[in-house]
Structures are given as structure tokens and as C-alpha cells.
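Report on the structure given below.
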Amino acid sequence: MKIAQLTLDGYFNYGNILQKFALHHTLKKFADFTEVLWASDRKFFPEIGGNPSVQCVLNRERHDFWLLFRLKEAVRQSKFRDFENLYIRTRFDLPYLEDVADEYDYFVVGSDQVWNPEWFSPQIFLEFVPREKKISYAASIGASSIPDDHKEIFRRGIADFNYLSVREEDAVKIIRELTGRTPIILPDPVLLLKENEWLAVSQKPTWLKEKYQRGFILTYYLRKSPPPEIKTFAAKLNLPTINLLDTENFNHFTTGPAEFIWLFANSTLTFTNSFHGVAFSILFKRPFINLEVVGDNEGVTMSNRIATLLKLFGLEDRSTMLAEPLKIDFTRREEILSLERRRAFKFLLEAFGL
């Protein structure tokens, strides 16, 4: 059996590449051959941070900032590419996806925000593939509604999937209203792998010196700077902070996927507004707080995914500032993970006719 996997293409987001790896690793347990189809025509460094040409003329300091940022981003994305080359079989020679429709027994779309109306591509609905080959695994819409001018595309595209699963409750509601179908909610692929499987592809950052031996606070905030309240916790615990995506710190910003895994597995306390930040904290049984940024409108679209995840594990209180943030109840974690993995594997077995 040959399986083609499709998700968002790119080397810029930790959650994206790690869920891609996890689903790829899982699908290999069911098939003789599986590979990711890179559908975008951008093969390397798809986004480096904008065009600084105007700043070159008007502001030398601004120009230098953009050059330095591009250098850091190039280093970071190189690590993403190396991780994918090492662990994920990817096919790039795809001028037209229609050309490979007959080469695979099944096409699996997901996970991540593959159906987000802000950036989705119509080809992600696989209109060129027969219905019996089309499967979505924990696909995320990442929005609370579909714009009117997209509804027919989404209705037609999603309705034609043979097996349909999503990642959050909002997606169930949207799809039911659009198509009359009720998709199953399945766990994000990163939760399908066990701790030892993740640790096998992790790597301790080379810059992690004696300063961090007593422990460290990890912050991972998408599109926003970490809330200032975190400094109070850091001072109270007398621990250094590692702020991923901090463009001012070369070591932190250029953290690769393998180092990302290690940091989440070893942090003393993590603050995050990211779905995958929460998922990896639960996976590694590390204390965390899902502290949102005030006024973060984009965070609203992610909150439903995170709320679904926290509700599943009975950890709704982790979205508030806690007096004792290091105390967290993971007693039911293994039971819930085992159940969710069984549900996911059952879904895939049925979808593949095994």
C-alpha cells in the first residue's frame, strides 16, 4: 500500500514540521510506502521576512536589521530542512498534483490548519482524487467561521472526503453546518508518538551551558512577545528564561526542531500561547501555563483548539495564572493518551480497509 500525505508546506513553524513528522512516522506503521507531497512551488526558504529594498534607501539601520534577521531566519530554516531531510520522506517533483492521482492508494490530508480559510489552497481538498482515496486526519480549520465567498468551495471539498476527522470542536460545528456530516475529533499527530519516540529524534542545544543546569523557564509565543508577567515567575523561581522566537537572541531564535523537542522535554516551566506548546508539555509531563497575550486577536482562533485539548486532559485550569505553577496533575495522562491513540489507530485501520 502506498500513501501520500499532504499538509502545509514550509520550514518556518515548529508545530507544522513536528506534526508532519509524527503523522508520517505513524502512517509508516500501516503502509509499505508513504511520503509527503510538497505541493507548493516554493522548495526552500519560502518566507524569509519581507523585502527590505525600501529600507535600503531610506534607513540604513533598518536595512541592517533586515539583513541580520534574514541571516538568522536562514540558519533556523536550514535546521528545519535538515530535520525533514533526515526523518521525512518528501516528494518535491510535483508540477501538478493531478499527475500523481493514480500513483497512491490513499491520500491523507492533515493535520495542522490545512483548511484555514485565510491561506488554504483548493488543491488541499483533493478534487483530482477519487472519493474512496481521500482521508483527512485531525485537519484543523483554525477559524470560528468560513467566509461566505468560500463556503461553497469548502462544502464541496470537505463533503467529498471518504473518511473525515478534525482536531477541534469548532471544526465539527462548521463542517456539520456546511455539509451535514459530523466528523470525528482525533488527537493531533504529535500525541500519537510516545515519549521515547520523540526523545530519539531530540537534541540538546549546544549553547545550553551551566547557567541552565538548575532548570529554565521556556516561553513559546506565536506572533506576539511573551506577557510581562512571566518575568515575575522567573524572578520568583530564580531561573533563566529561554524565549523561543526571540529575534534578539541568535541561539534561541535559531533553535531547530530537534532542539525544540529537547527543550520542551526538559523545561522546568513553560509559558505558551501555542497549541503544540501545550501538546508537547502534556506529552512530556512538564508544568506549563497557557497564558494568552492581552489583545491577541489571532490567539482567539487558536483558543478553541487549545481548549479542546485542555478539556480532554482535564487541565482547564492551566489557562490561568496559578499560585503554584509547578504543581500539575498528570495522573490520567497515560490513560487518556492510550485511549486517544487507540481511537486514532482504529480510524486509520478502517480508512485503509485493514
CD proxy at 222 nm, helix term only [per DSSP H run n ≥ 4: -39500 (n - 2.57); per residue of the chain; nearest 500]: -12000 deg cm²/dmol
Placed amide H near residue 288: partners under 5 Å, 5+ positions off or other chain: 270
Pairs from 28/346; 20/72; 285/311; 2/29 whose Cα-Cα separation, in the structure shown, is over 18 Å: 20/72
Once exposed loop trypsin sites (Lys or Arg not before Pro) are cut out (DSSP; at most 10 other Cβ, 10 Å), longest piece of the chain: 30-208
Cα centroid separation - segment 307-323 against segment 324-346, whole Å: 13
Modelled FRET efficiency - R0 41 Å, residue 75 with residue 319, Cβ distances, 0.05 increments: 0.75
Helix 297-313 axis, angle to the chain major axis (alpha carbon atoms, nearest 10°): 80
Ranked 246, 32, criterion: other C-beta atoms within 10 Å, fewest first: 32, 246
For segment 102-189: Kirkwood Rh in Å [reciprocal of mean 1/r, alpha carbons]: 12.7
Globularity ratio of segment 195-336, using Cα Rg and 2.2 N^0.38 Å: 1.00
Relative exposure of 109, 129, 100, judged by other C-beta atoms within 10 Å (fewest first): 100, 129, 109
Helix 257-266 vs. the chain, principal-axis angle (Cα, 0 to 90°, nearest 10): 60
Simple label model, 7 Å out from Cα along Cβ direction - residue 209 to residue 327, nm: 3.7
DSSP-assigned coil residues among GluC sites (Glu not before Pro) in segment 188-243, each with at most 15 further Cβ atoms within 10 Å: 229
Ranking of 75, 172 by count of other Cβ atoms within 10 Å, fewest first: 75, 172
Given charges at Cβ of Lys, Arg, Asp, Glu: the chain dipole, positive-most of 336, 140, 88: 336
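FYI, it's all coordinate maths here, none of it is from the lab. A quick note: this is a predicted structure, and the numbers were derived from the prediction, not measured. Note that each Cβ is placed from the backbone with ideal geometry, even for glycine, and that neighbours are counted across all protein chains shown.
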